[in-house]
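Okay, so here's the structure we're looking at.
The values are calculated or read from the model by the stated rules, or taken from the named source; none is laboratory data. Everything numeric in this text was worked out from a predicted model, so none of it was measured. Neighbour counts are summed over all protein chains in view; Cβ atoms, including those assigned to glycine, are modelled from backbone coordinates with ideal geometry. Protein only, heavy atoms only, side chains kept; ligands, DNA and RNA dropped before computing areas. Shrake-Rupley method; radii C 1.70, N 1.55, O 1.52, S 1.80 Å.
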Amino acid sequence: GYDKDDIRYKSQSGELIVSRNGNQIVMDFPLWPFKKEEGYEERLEEAFGAKPIEVYSGYDWVAVFESKEFIASLSPNMSKIAEIKEARGFIATAKDGDQYDFVSRAFFPAIGIDEDPVTGSAHCILAPLWEQKLNKTTMKARQVSDRGGDLDLEIKNDRLFISGEAKLYLKGTIYV
């Protein structure tokens, strides 16, 4: 029943805009910078059960693994992830190359979220990382958590446009 064209949120990342495009919801997010890290491979092997190929830091940290099958089958040790205090949480990712450009899962046990099923903000670092690796500004991504979700990504200048279908999961009233 919302009759406006978009919703604007004020956040720590600045203004975030959510709009409709047919049946899809489009989120306009900032891109997050990242840098390659060394020396975390053993700690992440304890947490994830395998050594990542690469590790990147940013607002969230990213561990790149060999295969999409590994990402889908992950059963990480949440307490080991939470022990890495330099990161708010970790996003595990791998190239797909079939239906999607890449897959991911997002884990934030240090802030009380073991796994976030579909994480828009995680793609603020994943999209520019995979843009660099794949030389693409438009990508299809899949978050392969139990609930999971598909995301269409488009990088324009310093912004990321995330499109996908949303499902109502809660309805309520907040009194302020």
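Okay, here's what the table says:
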{"item": "Tally of residues being among the charged types (D, E, K, R) and either open to solvent by less than 10 Å² (accessible area, probe 1.4 Å) or within 16 Å of the chain's Cα centre (by Cα) (or both) across the stretch 79-94", "result": "1"}
{"item": "Any chance GLY97 is closer than 20 Å to LEU151 by Cβ, modelled with pLDDT under 95 and open to solvent by 10 Å² or more (accessible area, probe 1.4 Å)", "result": "yes"}
{"item": "Selected residue (criterion: least open to solvent (accessible area, probe 1.4 Å)) from residues of the stretch 120-147 that are free of Cβ contacts under 8 Å to residues at least 40 places away in the same chain and assigned to a strand (DSSP E or B)", "result": "MET139"}
{"item": "Long-range neighbours under 8 Å by Cβ, at least six apart or interchain, first residue closer than 18 Å to ASN21 by Cβ within the stretch 165-176, second not in a loop (DSSP other than H, G, I, E, B)", "result": "GLU165/GLN24; GLU165/ILE25; GLU165/ASP150; ALA166/ILE25"}
{"item": "Filter result for PRO117 (surrounded by fewer than 22 Cβ atoms within 10 Å (Cβ to Cβ) and under 21 Å from ASP146 (Cβ atoms))", "result": "yes"}
{"item": "Any hit, the stretch 8-25, residues being assigned to a strand (DSSP E or B) and in contact with a helix residue (DSSP H, G or I) (Cβ under 8 Å, 6 or more places away or on another chain)", "result": "no"}
{"item": "Residue, farthest from SER104 (Cα to Cα), within the stretch 36-77, restricted to residues that are in a loop (DSSP other than H, G, I, E, B) and aromatic (Phe, Trp, Tyr)", "result": "TYR40"}
{"item": "Residues located in the stretch 160-175, provided they are surrounded by fewer than 14 Cβ atoms within 10 Å (Cβ to Cβ) and assigned to a strand (DSSP E or B)", "result": "none"}
{"item": "Members of the stretch 20-61 found to be open to solvent by 50 Å² or more (accessible area, probe 1.4 Å), of a type in the set (Gly, Ala, Ser) and more than 30 Å from LYS167 (Cβ to Cβ), listed by number", "result": "GLY39, GLY49"}
{"item": "Of residues in the stretch 62-78 being of a type in the set (Gly, Ala, Ser) and open to solvent by 20 Å² or more (accessible area, probe 1.4 Å), the one nearest to GLU131 (Cα to Cα)", "result": "SER67"}
